[in-house]
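First up is the structure itself, then whatever we jot down about it.
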Amino acid sequence: MTDEAMSPLRRRMIEDMTIRKLAPKTQQGYIRTIKTFAAFLGRSPDTASPEEVRRFQLHLAENGAQAPILNHTVSALRFFFRVTLRRPDIIEHTTFIRAPRKLPVVLSPEEVARLLNAAPGLKYKAALSVAYGAGLRACEVVSLKVSDIDSKRMLIRVEQGKGHKDRNVMLSPHLLELLRAWWKAARPRGWLFPGQNRVNHLTMRQLNRACHAAAQMAKINKRVSLHTLRHSFATHLLEHNIDIRVIQVLLGHAKLDTTALYARVATRTIQHLISPLEHIALKLKEIRPPG
């Protein structure tokens, strides 16, 4: 199918997504999915039948697409048919996949310290320390501005995080000291962590590369990403008996269920739990077998 034939339809879909304030990455992903669907059909996607939508999902599944890709595809198809084409009947033939929830990889405090000490330079040590010390996502770390650091109230302001929500997170004295050292060394203006072109901020790809390099230098054998530092932040707070609802707010989670996952990896909390069996141990000793 030609770009000329696709253009009006694509333009309308983009307008619909813009009206609803969908994030740029979401818009790009939806457009890419519908383009793939059109290639599968061999014609304009607005002519698709319910059976063809079903066969497209089957095609993806048979070719090894995992739950995140399949669910993203369903979201894109539902938006396209329900909103742009006003054909809600089609979405009855789409199905979300319930993906198994795996336990996140979590570093010990000692491993976190080794990783941060192995960061390639002060800039990346400061950025990775923000990710762990405040529990921020990669996109939130790189989007920080100098003005977001509130040293008087000891807070970091996160603007338009996931879900287009603002929130405040903790700023520890050690992190503030590290950020001041970074500011004195580089004098950043605007973006707290500028990229090579100081007009733009550091990219998530650059930050993740630095995280991987630090983990390798620190000889950490676990599968580490920048999000591992966020997982570790939440788990370590929970192990220090911080209320899970407070952690939910700090992480910017919409649902408590998402935060509750960390209760499954808070090993120190588990190790210090007292089994109900221990409470009846003395009574058990008093029980003698019959005979």
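Does residue 79 satisfy the condition of being on the phi < 0 side of the Ramachandran plot, out of contact with any strand residue (DSSP E or B) (no Cβ under 8 Å at 6 or more places or on another chain), buried (at least 20 other Cβ atoms within 10 Å of the Cβ) and of a type in the set (A, V, I, L, M, F, W, C)?
Values: on the phi < 0 side of the Ramachandran plot: yes; out of contact with any strand residue (DSSP E or B) (no Cβ under 8 Å at 6 or more places or on another chain): yes; buried (at least 20 other Cβ atoms within 10 Å of the Cβ): yes; of a type in the set (A, V, I, L, M, F, W, C): yes.
In short, yes.
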**Q.** Which listed residue, of 131, 113, 119, 99, is in a helix (DSSP H, G or I), over 22 Å from residue 246 (Cβ atoms) and open to solvent by less than 60 Å² (accessible area, probe 1.4 Å)
**A.** 113
Q) When you go through 254, 260, 234, 185 one by one, which is the residue that is part of a helix (DSSP H, G or I), at pLDDT below 90 and over 20 Å from residue 114 (Cβ atoms)? A) 260
Q. So which residues in the range 182-236 are surrounded by fewer than 20 Cβ atoms within 10 Å (Cβ to Cβ) and basic (Lys, Arg), if there are any at all?
A. 184, 187, 189, 198, 205, 209, 219, 222, 223
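Being open to solvent by 10 Å² or more (accessible area, probe 1.4 Å), modelled with pLDDT of 90 or more and closer than 26 Å to residue 107 by Cα: is that true of residue 138 here?
On the way: open to solvent by 10 Å² or more (accessible area, probe 1.4 Å): yes; modelled with pLDDT of 90 or more: yes; closer than 26 Å to residue 107 by Cα: yes.
Yes.
Of everything in the range 161-189, what is on the phi > 0 side of the Ramachandran plot and in contact (Cβ under 8 Å) with a residue 12 or more places away in the chain? Give them in sequence order.
Start the filter on the range 161-189 by keeping residues that are on the phi > 0 side of the Ramachandran plot, which leaves 163-164, 187.
Those that are on the phi > 0 side of the Ramachandran plot and in contact (Cβ under 8 Å) with a residue 12 or more places away in the chain: 163, 164.
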Q. What's the number of the condition residue 160 fails, among (1) over 28 Å from residue 103 (Cβ atoms); (2) over 15 Å from the mean Cα position of the chain (by Cα)?
A. (2)
Q: Restricting attention to the range 141-154, report how many residues are open to solvent by 20 Å² or more (accessible area, probe 1.4 Å), closer than 15 Å to residue 180 by Cβ and not in a helix (DSSP H, G or I).
A: 5
Q) Just wondering, is there one or more residues in the range 73-91 that are closer than 22 Å to residue 16 by Cα, in a helix (DSSP H, G or I) and among the small types (Gly, Ala, Ser)? A) yes
Q) List pairs: first in the range 126-152 and without any contact (Cβ under 8 Å) to a residue 24 or more places away in the chain and farther than 26 Å from residue 212 by Cβ, second outside any loop (DSSP other than H, G, I, E, B) and open to solvent by 30 Å² or more (accessible area, probe 1.4 Å), Cβ under 9 Å, 6+ apart or cross-chain? A) 147/157; 150/157; 150/168
Q.
Testing residue 124 on (1) assigned to a loop (DSSP other than H, G, I, E, B); (2) more than 25 Å from residue 253 (Cα to Cα), one condition comes back false. Which one is that?
A. (1)
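The values are calculated or read from the model by the stated rules, or taken from the named source; none is laboratory data. Keep in mind it's a predicted model, so treat the numbers as computed, not measured. A quick note on method: Cβ atoms are made from the backbone with ideal geometry, for glycine too, and the neighbour counts reach across all protein chains shown. The accessibility values were calculated without ligands, DNA or RNA, using every heavy atom of the protein model including side chains. Shrake-Rupley method; radii C 1.70, N 1.55, O 1.52, S 1.80 Å.
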